[in-house]
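Trainee: First, the structure itself, so that you have it in front of you.
The values are calculated or read from the model by the stated rules, or taken from the named source; none is laboratory data. Worth saying up front: this structure is predicted, and the values here are computed from it rather than measured. Cβ sites come from the backbone with ideal geometry, for glycine too, and all protein chains shown count toward neighbours.
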Amino acid sequence: MQKKSDSQIHSAPSLTGRAGGESSESLYTILVFSENIAGILNQVTAVFTRRQVNIESLNVCASSTPGVHKYTITCYCTEEMAKVLKAQIEKRIDVLQARYYTDDEIFLQETSLMKISTPAVMENAEVCRIVRHHGARIVEVNPTYTAVEKTGTTEEILSLFNALNSLRVVRQFARSGRICITRGTREELDEYLEEREKEKTKGGE
Amino acid sequence: MEQKITGSEALMLALKAQGVKTIFGYPGGSIMPVYDALYDYARGEKKAFDHILVRHEQGATHAAEGFARVSGEVGVAIVTSGPGATNTLTGVADAMIDSTPIVVIAGQVPITALGTDAFQEVDLVGLAQPISKWSYQIRHAEDIAWAVSRAFYIARSGRPGPVVLDFAKNAQTELVDFKMEKVDFVRSYVPYPKLKMNHVQEAADLINQAKKPLALVGQGVELGNAQDELIAFLEKADIPAGRTMLGLCALPSDHPLNVGMLGMHGNYAVNLKEQECDVLIAIGMRFSDRVTGSLKTYAKQAKVIHLDIDKSEMNKNVKVTVPVVGDCKESLPALTALINKADHSEWRASFKPLDEKERAKVIEPAIHPAEGPLLMGEVVNEVAEQTQGDAVLVTDVGQNQLFATRYFKYPKRRSLCTSGGLGTMGYGMPAAIGATFGAPGRTVCCFMGDGGFQMCIEELGTIMEQQAPVKMILLNNNYLGNVRQWQDMFWNRRKSFTRMMNPCYELIAKGYAIPYDVVTERIDLQGAVARMLATPGPYILECAIKEDDDVLPMTPPGKSVEEMQLG
Ligand SMILES: Cc1ncc(C[n+]2csc(CCOP(=O)(O)OP(=O)(O)O)c2C)c(N)n1
Ligand SMILES: [Mg+2]
């Protein structure tokens, strides 16, 4: 993952992509489910690095299935590259499943926190107006700082951040990276696990 | 069966349960408990293993690879932590890219010392992960039965590959109630994907319509033991087949449908015909750039059917019309059942004039030169003729490899060890040692260049100690020949650091008490090869080779396969 300065936060990512890959790049969300074994994150991110694809955001958490970890990764690439990434990630032994999605195939959210200086909030009514206007919540206020939480799309979050930042009141800014659930009717991980359970032979793991 | 034993002894029992009989290894501090257990398990009453002490850990991994390649079993290497472990990485990477099943067991500092930069501590799992099929750190003795069984299952199943076990020293000495475990199922790993019959049908339809079908046979056929199934398939629809370098033994050289070797230095006709065929049937091969040349122009006219056990190979390099994912032992017969009997003799006959052109322009001058210094091609040809296809061919990397693989004959299965994907100089000598243990009783001929011979030259010590019957044919051209060839062809003849001063190999052979002979004159070649083959045990035959000979034909790097040059 490349470090970006605040001023670059909005600019389109510069991507090298694969040589000869002239077809267009778009944002893909890659969902990965793996066993809970040490070192998988390394293996997953190495697949991106080797193919010169920058990871835009990455969220890792235990999934709803006990013992299964869920990775939500976004990146800009061609569809062919998304297929390659999916296949190469799935090839790792302890990865259960990898799938890639475009934004219309998922419900997605990202959450963010902003730390704003409280005196600045008091002095400038514009700050509160912007927070309300963006549908953000003030989650804590004390004499030194005010914590603002905004959940939404990346664009909505950045819109709020940019508005507040132009007033030079933001002390800290944190984004969770995208999380999502799929819109499809199939629960592919459950299907996979069920199928594997059936195939499990006596004496297996 | 329950008994309280040390982790090291548990490892012995776990390896024994996997059917391991040969271990290539090198001891050191972090693996001493294991070596102490080996003291009992390599001799006397408890003897279960032959332990081959190599001279460098890289050699242990290549030996394990050679052993695996010829025997079809998993090769095993045991080494110490730190430098011992890092020395194995070249072999691990080599085994990964060439799908060779090996298990490397390395010592590691005790878990209490992990992360402290302890003496000889390296993050082996981190280093090995991108170049291995699976890597795992054994932290406690109770993990051993599970981890070893899982390691062997993963190494040998599906598309085979290397597995690295990082064995913490505390786990080697802890006491454990050892219970055998048999892992033959890993939830997240599907080694034998289910064949999709609709894809098989689509593939059959394409083949049935094909006027000019061409099969590309890779090592997958050999790894899947599907040589007979391949022949049945090819013969039914009369399909000519080229083989990749690693797939050379998957179809006997003398089979009438064999049209030679694919790739940069493969055969002329098949390279040109890849650009003319209408249906390309790739079987257990991965469209390496050494096979395809420029992908932008590769076989664009053809519909592509790709049979492979590894679904991540589909569309990785070449766009596939019909993917047939599955074990070729299963997919080939399924396909054969659905294809029509066909006669493509006219299409096959069209290879002949190109073959003849290559024979006249390249092959004859290479294997039957009338005059001038000795050539690699004629030495290989002489050895091939005298061994009558019975020998295992091992090569190092460079011109020696390209000449050897081109001019050797492969009537028998599992008869080739060569470093294909990684092109690892130094592979040959240790791999040949491994091959003598993996295929005892067979003649093992190892062709090496003067560069590669010196890259694992220390393994002469292993050969001496084991009296491993490796027939070493040193093709000495006083150059890093393959690089020199590229410099001459593409870098304005600027021979930058490719000429090499050589030692006196006769004295080296003497030091290791290995019989040695040298050939400088053509007239002595036949006798010298005969004497080598008649001498039991190891042998070094040095051949003084023409210094500036080039491997031909050649497709220049990055060029289209039809741009292959004969001269
Ligand atoms: C470990 C390693 N280092 C460097 C190379 C690059 N390389 C490929 S072929 C070659 C020359 C090999 O020379 P030699 O062993 O004498 O064989 P020849 O080509 O002369 O037959 C070199 C340096 C390599 N393949 N492997
Ligand atoms: Mg040389």
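Trainee: Among the residues of segment A:30-58 satisfying the criterion of being more than 14 Å from chain B (Cβ to nearest Cβ) and in contact with a Lys or Arg (Cβ under 8 Å, 6 or more places away or on another chain), which is surrounded by the most Cβ atoms within 10 Å (Cβ to Cβ)?
Mentor: The residue in question is A:ILE30.
Trainee: Kindly indicate the residue of segment B:441-475 that is away from ligand 1 (no atom under 16 Å from the Cβ) and part of a helix (DSSP H, G or I) and also nearest to the other protein chains (Cβ to nearest Cβ) among those meeting that condition.
Mentor: Quick first cut of segment B:441-475, residues away from ligand 1 (no atom under 16 Å from the Cβ) only: B:441-444, B:461-471.
If we keep only those that are part of a helix (DSSP H, G or I) as well, we get B:461-466.
Numbers: B:GLY461: 36, B:THR462: 32, B:ILE463: 36, B:MET464: 39, B:GLU465: 37, B:GLN466: 34 Å.
The residue in question is B:THR462.
Trainee: Look through B:ARG484, B:ARG531 and report the one residue that is closer than 21 Å to B:LEU374 by Cβ, assigned to a helix (DSSP H, G or I), away from chain A (no Cβ under 14 Å) and within 11 Å of ligand 1 (Cβ to nearest atom).
Mentor: Details: B:ARG531 fails: within 11 Å of ligand 1 (Cβ to nearest atom).
Of B:ARG484, B:ARG531, the one residue that is closer than 21 Å to B:LEU374 by Cβ, assigned to a helix (DSSP H, G or I), away from chain A (no Cβ under 14 Å) and within 11 Å of ligand 1 (Cβ to nearest atom) is B:ARG484.
Trainee: Another question, then. Identify, please: which residue in segment B:138-164 is in contact with a Ser or Thr (Cβ under 8 Å, 6 or more places away or on another chain) and part of a strand (DSSP E or B) and is, among those, surrounded by the most Cβ atoms within 10 Å (Cβ to Cβ)?
Mentor: So the first thing to find is which residues in segment B:138-164 are in contact with a Ser or Thr (Cβ under 8 Å, 6 or more places away or on another chain), and the list is B:141, B:159-164.
Within this subset, residues satisfying the condition of being part of a strand (DSSP E or B) are B:162-164.
Numbers: B:PRO162: 35, B:VAL163: 29, B:VAL164: 29.
The selected residue is B:PRO162.
Trainee: Something else: Select from segment B:118-137 the residues that are polar (S, T, N, Q) and part of a loop (DSSP other than H, G, I, E, B) and write down the one among them that is nearest to the other protein chains (Cβ to nearest Cβ).
Mentor: Among them, the one singled out is B:SER132.
Trainee: Would you check which residues across segment B:68-79 are touching an Asp or Glu at 6+ places or on another chain (Cβ under 9 Å) and surrounded by fewer than 24 Cβ atoms within 10 Å (Cβ to Cβ) and list them? Give the steps one after another, and end with the answer.
Mentor: Our first condition is that a residue be touching an Asp or Glu at 6+ places or on another chain (Cβ under 9 Å); within segment B:68-79, this holds for B:69, B:72, B:75, B:77, B:79.
Matches in segment B:68-79: B:GLY72 only.
Trainee: Another question, then. Which one of these is more than 14 Å from chain A (Cβ to nearest Cβ), away from ligand 2 (no atom under 16 Å from the Cβ) and on the phi > 0 side of the Ramachandran plot: B:GLY511, B:GLY537? Break it down into steps so the answer makes sense when it comes.
Mentor: Details: B:GLY511 fails: on the phi > 0 side of the Ramachandran plot.
So the residue among B:GLY511, B:GLY537 that is more than 14 Å from chain A (Cβ to nearest Cβ), away from ligand 2 (no atom under 16 Å from the Cβ) and on the phi > 0 side of the Ramachandran plot is B:GLY537.
Trainee: Please work out if B:LYS329 is among the charged types (D, E, K, R), touching a Gly at 6+ places or on another chain (Cβ under 7 Å) and in contact (Cβ under 8 Å) with a residue 12 or more places away in the chain.
Mentor: On the way: among the charged types (D, E, K, R): yes; touching a Gly at 6+ places or on another chain (Cβ under 7 Å): yes; in contact (Cβ under 8 Å) with a residue 12 or more places away in the chain: yes.
In short, yes.
Trainee: Could I ask something else about it? From the list B:SER415, B:SER419, pick out the single residue that is of a type in the set (Gly, Ala, Ser), outside the structural domain of B:ALA64 (by TED's automatic domain parsing) and within 16 Å of ligand 1 (Cβ to nearest atom). Before you say what the answer is, go through the steps one by one.
Mentor: Working: B:SER415 fails: within 16 Å of ligand 1 (Cβ to nearest atom).
After applying the criteria, what remains is B:SER419.
Trainee: List, please: which pairs have Cβ atoms under 6 Å, are six or more places apart or on different chains, and start with a residue in segment A:48-77 that is in the same structural domain as A:GLN88 (by TED's automatic domain parsing) and end with one that is basic (Lys, Arg) and surrounded by fewer than 21 Cβ atoms within 10 Å (Cβ to Cβ)?
Mentor: A:CYS61/A:LYS70; A:SER63/A:LYS70
Trainee: Restricting the search to segment B:140-160, which residues are facing chain A (nearest Cβ under 10 Å) and over 23 Å from the mean Cα position of the chain (by Cα)?
Mentor: B:TRP146, B:SER149, B:ARG150
Trainee: On to the next question. Would segment B:174-190 turn up any residue that is within 26 Å of the chain's Cα centre (by Cα), assigned to a loop (DSSP other than H, G, I, E, B) and assigned by TED's automatic domain parsing to the domain that holds B:SER81?
Mentor: First pass over segment B:174-190, keeping only residues within 26 Å of the chain's Cα centre (by Cα): B:184, B:189-190.
From what's left, assigned to a loop (DSSP other than H, G, I, E, B): B:184, B:190.
When the remaining residues are screened for being assigned by TED's automatic domain parsing to the domain that holds B:SER81, the result is none.
Among the residues of segment B:174-190, not one is within 26 Å of the chain's Cα centre (by Cα), assigned to a loop (DSSP other than H, G, I, E, B) and assigned by TED's automatic domain parsing to the domain that holds B:SER81, which makes the answer no.
Trainee: Also: Would you check if there is a residue in segment A:148-158 being free of Cβ contacts under 8 Å to residues at least 12 places away in the same chain and more than 17 Å from A:ILE55 (Cα to Cα)?
Mentor: If we filter segment A:148-158 for residues that are free of Cβ contacts under 8 Å to residues at least 12 places away in the same chain, which is where we start, we get A:155.
Adding the requirement that they be more than 17 Å from A:ILE55 (Cα to Cα) leaves A:155.
Looking for residues that are free of Cβ contacts under 8 Å to residues at least 12 places away in the same chain and more than 17 Å from A:ILE55 (Cα to Cα), one finds at least one in segment A:148-158, hence yes.
Trainee: Further question: Return only the number of the condition from (1) surrounded by fewer than 20 Cβ atoms within 10 Å (Cβ to Cβ); (2) farther than 18 Å from B:PRO213 by Cβ; (3) more than 13 Å from every other protein chain (Cβ to nearest Cβ) that B:LYS296 does not satisfy.
Mentor: Just one mismatch for B:LYS296, condition (3).
Trainee: Right, here's the next one. Does B:GLU465 satisfy the condition of being within 27 Å of the chain's Cα centre (by Cα), within 16 Å of ligand 2 (Cβ to nearest atom) and of a type in the set (Asp, Glu)? Spell out the reasoning first.
Mentor: Values: within 27 Å of the chain's Cα centre (by Cα): yes; within 16 Å of ligand 2 (Cβ to nearest atom): no; of a type in the set (Asp, Glu): yes.
Considered against the rule, which asks whether it is within 27 Å of the chain's Cα centre (by Cα), within 16 Å of ligand 2 (Cβ to nearest atom) and of a type in the set (Asp, Glu), B:GLU465 comes out as no.
Trainee: A further question on this structure: Wholly within segment B:352-439, which helices (runs of 4 or more DSSP H) include no fewer than the required count, namely at least 1 residues that are within 16 Å of ligand 2 (Cβ to nearest atom) and in contact with a Phe, Trp or Tyr (Cβ under 9 Å, 6 or more places away or on another chain)?
Mentor: Details: elements: B:352-358, B:364-367, B:376-387, B:399-407, B:428-438.
It comes to B:376-387, B:399-407, B:428-438.
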